[in-house]
Amino acid sequence: MIIKKFILILVFFAITNCGYSPIYSKKETLNISINKIELKGNKNVNRKIVSLANLVERNNKSYAYNLTLDSNKKIETVARDKSGNTSIYKITIITEFYLKDPNNKNKIIKNKSFSSSFSYNSIANKFDLLQYQKNIEENLINKIAEEITIFINS
């Protein structure tokens with residue numbers, strides 16, 4: 001009985017002290033320095049992405065990149081019911097990411113397009129529908145911000 005408890009305690013300590021930590025849990029550790037951030041397209045989406053991905057202008061380093069984000073949000077009708085009212089919507093957020101050389105503004109170091117979309121049914125109450133759309137938009141922006149953080153650090 002004592003041996004079983006000792007083995008159980010030993011296994012418990014081995015599992016809890018293994019040093020596991022998520023790779024991308026610390027958003028504040030970016031491998032790059034950003035000199036200037038330029039936002040194009042949907043400003044609200046861009047601001048949320050910059051905030052969530054912790055993209056901050058740091059002018060204290062001698063060689064820092066220029067960052068351009070170009071985001072667009074589109075809500076479209078996918079299906080209509082018999083009376084012609086929209087029954088299914090689709091929201092799509094597309095963000096173009098450009099990391100440019102500060103000395104040569106035309107030279108792109110890294111670029112990638114990030115896209116995320118979600119289809120959902122319409123709700124009769126328009127206030128609830130707007131709240132649901134905002135919630136979906138926040139989730140899509142969070143997903144894109146995480147993808148940008150992973151892209152920058154890779």
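Just so you know, all these numbers are worked out from the coordinates, no wet-lab data involved. Please read these numbers as outputs of a predicted model, since none were measured by experiment. Cβ placement follows ideal geometry from the backbone for every residue including glycine, while neighbour counts extend to all protein chains displayed.
Results, tabulated for the structure shown:
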| read-out | value |
| --- | --- |
| Global geometry of the stretch 31-153, whether rounded, prolate or oblate, following the gyration tensor of its Cα atoms and the 1.5 cut on a/c | prolate |
| Protection proxy ranking, peptides 95-104, 137-146, average beta carbon neighbours within 10 Å, highest first | 137-146, 95-104 |
| Rounded to 5, the percent of DSSP beta bridges in the stretch 31-153 classed as antiparallel | 75 percent |
| Over 26 Å (Cα to Cα) - which of 73/143; 107/143; 107/134; 90/143; 90/110; 82/143 fall in this group | 107/143; 107/134; 90/110; 82/143 |
